[in-house]
1. So if R0 is 35 Å, what FRET efficiency would residue 48 and residue 125 give, r being the distance between their Cβ atoms, rounded to the nearest 0.05?
2. I'd like the projected area of the range 71-146, averaged over all directions, using the convex hull of its alpha carbons. Report it in nm² with one decimal.
3. Would you kindly work out the equivalent ellipsoid of the range 152-232 from its C-alpha gyration tensor and give its semi-axes, the square roots of five times the eigenvalues, largest first in whole Å?
4. Send over the semi-axes of the range 60-100's equivalent ellipsoid, whole angstrom and largest first, taken as the square roots of 5 times the C-alpha gyration tensor eigenvalues.
5. For every helix of n ≥ 4 consecutive DSSP H residues, a contribution of -39,500 (n - 2.57) applies; sum these over the chain, divide by its total residues, and give [θ] at 222 nm rounded to the nearest 500 deg cm²/dmol.
6. Summarise the long-distance tail of P(r) for the range 4-106 by giving the % of C-alpha pairs beyond 25 Å.
7. Give the peptides 196-206, 9-19 in descending order of average Cβ contacts within 10 Å, highest first.
8. How far, in nm, would the chain grow between residue 117 and residue 237 when pulled straight, counting 0.36 nm per residue and subtracting the alpha carbon separation?
């Protein structure tokens, strides 16, 4: 059995740290027969490559123009918000939600108020890290609160860059209708994480997390990991057989 994704809602452009333009991403998506694509550059809280809030209107204008050119594919403006351990747990103000067609969110290094130093050290030497269970609880609470307090469509690369309880996160996603991402560009969710998450009533989505246009729509590694995990492929919402 062969699979392809119907839509790719996690792609980056030069508006954050991708290598291509919005049009280039859309053009590749259309050439691969995708039904939809979202431009989801990094949220403004990332200190190295967060989007410039002043340029979001330009992104919206460009997408509106492209919608009239590429009539056979849906084009969305999204943002990969950064999950924080303060406030409502995202680096967006509530008023900014309306700027986007939907919000996706994930945990990243390089964000203030994100426990980045502790998680970076844990990732390098987990067996030597003091208080790892406390860090795991703190991280899990941070993500679960973000899910419950915000309209997040997709939780991106869950379990990456930190110590998290995947089952608790998956339960929260299931209750909120948030999709758990199997990411083509990151090792999380891995097969073990998928098996753990699948115990909850949650649905999955595959995303390319493309940082250059040629990778838009890529899903080969993600499909392989899902099959390795024994996941019922019907639980992946954007997967099609061919």
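Each reported figure results from applying straightforward, stated rules to the coordinates on display, with no laboratory input. These numbers come from a predicted model, not from an experiment. Cβ sites come from the backbone with ideal geometry, for glycine too, and all protein chains shown count toward neighbours.
1. On the way: r = 24 Å, r/R0 = 0.68.
The formula returns an efficiency of 0.90 here.
2. Directional mean of the projected Cα hull area for the range 71-146 stands at 6.7 nm².
3. Working: eigenvalues 78, 37, 27 Å².
Calculated on Cα positions only, the semi-axes equal 20, 14, 12 Å.
4. Details: eigenvalues 169, 19, 7 Å².
Each semi-axis is the square root of five times an eigenvalue, giving 29, 10, 6 Å.
5. Details: 7 runs with 79 residues, N = 242.
When only DSSP H runs of four or more count, the value is -10000 deg cm²/dmol.
6. Details: 896 of 5253 pairs.
Of all Cα-Cα pairs in the range 4-106, 17 percent lie more than 25 Å apart.
7. On the way: 196-206: 20.3, 9-19: 21.9.
Result, highest mean Cβ count within 10 Å first: 9-19, 196-206.
8. Working: separation 120, 0.36 × 120 = 43.20 nm, distance 3.45 nm.
Net length gain for the segment: 39.8 nm.
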